[in-house]
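Enquirer: Have a look at this one.
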Amino acid sequence: MNLYLLYFFTGALGGFFGGLLGLGGGIIFVPFLFFIFNQYDIHTSHVMQSAICTSLACIVVSSLSSTYKHNKNRLIDWGIFRKMSLGLSAGSIGGIIFISYLSNNNLKSFYGLFLIIVALYIFFSDKEKVMIKQEFKFLRLFSFFTGIFSSILGIGGGTITTPYFRSHGKSIKESIATAAACGIPIALLGVITSLLINLNLELLKQSMTGFIHIESFLVVSLTSLFFSYLGASVTYSTNSYLLKLIFSFSILIMGLIIIST
């Protein structure tokens, strides 16, 4: 299959499910880009890091698109977003610094195992349970660690923030929408940090953009721009329980794929 067609398919799939589920597309982008980079010998010395950072660059675009649509539907809790933004940004910076010195195999195992745990948690949570609204305690500390884990995984943070918002009484649609907005500072600071690290350490001397592969970023991000908006539109009209099933199964499948790769 043509390389650019693979990028297009990755952007379409990741953008749609990113907008639909508030994931920012990273759950799709990272494993697909990892497979493509492996097959075509792209950034072979830091292939997993490259997949993660390229994914974060794409998430900046797809999260902006889906957030715009969710905001039009009045689903985003901007008060929570403002309280979390600093912690998410600081954590994202720390996560990118960490993965710069981590091996590909360790990153793969960490990524896959984490997604499986989150998927099982979402799937086995009581679908009939009425969520009681609770005060968001330790929100800034939670935001910091969310930023760290999200940038390490190359995701927008929705796998962490969506169940967190749900456990504090937010509806699944509000949780997904607010999670999409939270993906913006995570991805943006992750990209900036990645560029600065390569500028100073020259881990990928042949690449001016560091871990970010510019051709895949352009095709995937532009494709995901449209499909993330489409996915966010579907969120508004989709059954909440169906969203939960899609959310958990998509995470579980991707986790298993990463571990077995």
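Enquirer: Report the extension gain between D41 and N239 in nm, rounded to one decimal, defined as 0.36 nm multiplied by the number of residues separating them, less their alpha carbon distance.
Expert: Details: separation 198, 0.36 × 198 = 71.28 nm, distance 4.18 nm.
Taking D41 through N239 to full extension adds about 67.1 nm, to one decimal.
Enquirer: Using a basic spin-label model with each label point 7 Å from the Cα along Cα→Cβ, how many nm lie between I97 and L218?
Expert: Modelled inter-label distance: 3.3 nm.
Enquirer: If you fit an axis through the alpha-carbon atoms of helix 26-39 and take the longest principal axis of the Cα set of the chain, what angle between them do you get, 0 to 90°, nearest 10?
Expert: The answer is roughly 20 degrees.
Enquirer: Something else: If each DSSP helix of 4+ residues adds -39,500 (n - 2.57) and the sum is divided by the residues in the chain, what number results at 222 nm, nearest 500 deg cm²/dmol?
Expert: Values: 10 runs with 202 residues, N = 261.
That comes out to -26500 deg cm²/dmol.
Enquirer: Step through the residues of the range 151-160 one at a time and calculate ³J(HN,Hα) from phi using the Karplus curve (6.51 cos²θ - 1.76 cosθ + 1.60, θ = phi - 60°), rounding each to whole Hz and writing x for Gly and Pro.
Expert: 6, 5, 8, x, 10, x, x, x, 5, 9
Enquirer: Out of the range 30-108, which chymotrypsin sites (Phe, Trp or Tyr not before Pro) are coil in DSSP terms and have no more than 16 other C-beta atoms within 10 Å?
Expert: Values: sites: F32, F34, F35, F37, Y40, Y68, W78, F81, F98, Y101; in loops: Y40, Y101.
Of the chymotrypsin sites (Phe, Trp or Tyr not before Pro), the ones in loops of the range 30-108 whose Cβ has at most 16 other Cβ atoms within 10 Å are Y40, Y101.
Enquirer: Is there a quick way to get the dipole size of the chain? I mean about its Cα centre, with the Cβ of Lys and Arg at +1 and of Asp and Glu at -1; what is the value in debye to the nearest 20?
Expert: Using only the charged Cβ atoms, the result is roughly 780 debye.
Enquirer: Taking a cut-off of 20 Å, what percent of all Cα-Cα pairs in the range 68-186 are separated by more than that? Kindly include the intermediate steps, with their values, before the conclusion.
Expert: On the way: 3060 of 7021 pairs.
So the portion of pairs separated by more than 20 Å is 44 percent.
Enquirer: Let me ask something else. So for the chain, what percent of the C-alpha to C-alpha distances run longer than 33 Å? Please list the in-between numbers first.
Expert: Working: 3976 of 33930 pairs.
The share of Cα pairs beyond 33 Å in the chain comes to 12 percent.
Enquirer: As an exercise, use a Förster radius of 22 Å and the Cβ-Cβ distance of L139 and I253 to find the FRET efficiency, rounded to the nearest 0.05. Write down the numbers at each step before the final one.
Expert: On the way: r = 31 Å, r/R0 = 1.39.
Rounded to the nearest 0.05, the efficiency is 0.10.
Here, each number is a calculation from the coordinates, and none is a lab measurement. Every value quoted in this text rests on a predicted model; they were computed, and no experiment measured them. Using ideal geometry, Cβ is built from the backbone for each residue, glycine included, and neighbour counts are taken over all protein chains shown.
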